[in-house]
């Protein structure tokens, strides 16, 4: 299958001099977690929710309003691109090799689409590979009373998109992902006066950001089952359990790696 068959043609885009507030609104309108960034109609970068999460709430931006911050300060500029006639498996291989989650699709000088790890889910909805064959070990588990800044650090340091939130009995009661953390930190910057920001952000808890529910599957479930759950619920990953205990994770990253091995 060619990249052109699954790429997003109606992608989100902004100018590099637009504000972060405007870019987030564009993402929300398009239902996407990233925007392609242009300058004088030329592609110059890409900004994702992970970029927002990693760069917002730092000492440099802690007191700044999203309406006064610019996309150029958050975007990644070292872009990898791909052509529309390249095999999808090669796209997955390139994403894994470069440690990225999306590729602008370029035909000549025109950006004709965008392929992300989300689109790769369509290729594995019938895959019968057991989750135990591809799951990665959970680096941590969160509690509802943990600090949001702690969750942010775990996700960024371990380079994972999602973590389970467990109760006192170690049952999964929710998840926290790049999406929820970026949203709650962005909202805090947008709504809270700068002089209260440090106090408010250090008191923000996982329970204030977590997505309720139990997106779990046993280890003998298939990748296809996980992909269908991720597509239906718009999840970056599912938690793999053993006798009910959360032990592993299958995320968009593992889907890309699994497909890259077929290239």
* Asked: What residue, of 167, 146, 179, is exposed (fewer than 14 other Cβ atoms within 10 Å of the Cβ) and not assigned by TED's automatic domain parsing to the domain that holds residue 43?
  -> 167
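What residue, of 8, 44, is farther than 24 Å from residue 189 by Cα, outside the structural domain of residue 253 (by TED's automatic domain parsing) and touching a residue at least 60 places away in the same chain (Cβ under 8 Å)?
Details: 44 fails: touching a residue at least 60 places away in the same chain (Cβ under 8 Å).
Only one candidate qualifies: 8.
When the range 90-109 is examined, which residues are found to be assigned to a strand (DSSP E or B) and either at pLDDT below 95 or surrounded by 15 or more Cβ atoms within 10 Å (Cβ to Cβ) (or both)?
102, 103, 104, 105, 106, listed by residue number.
Yes or no, residue by residue, for (1) in contact (Cβ under 8 Å) with a residue 40 or more places away in the chain; (2) more than 20 Å from residue 183 (Cβ to Cβ); (3) surrounded by fewer than 20 Cβ atoms within 10 Å (Cβ to Cβ); (4) assigned by TED's automatic domain parsing to the domain that holds residue 33:
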| residue | (1), (2), (3), (4) |
| --- | --- |
| 208 | yes, no, yes, no |
| 211 | no, no, yes, no |
| 214 | yes, yes, yes, no |
| 219 | yes, yes, yes, no |
| 224 | yes, yes, yes, no |
| 246 | yes, yes, no, no |
| 253 | yes, yes, no, no |
* Can you tell me which residue among 201, 185 is assigned by TED's automatic domain parsing to the domain that holds residue 139 and over 21 Å from the mean Cα position of the chain (by Cα)? => 201
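The values are calculated or read from the model by the stated rules, or taken from the named source; none is laboratory data. Because the structure is a prediction, the values reported are computed rather than measured. FYI the Cβ positions are ideal-geometry reconstructions off the backbone, even for glycines, and counts take in every protein chain you see.
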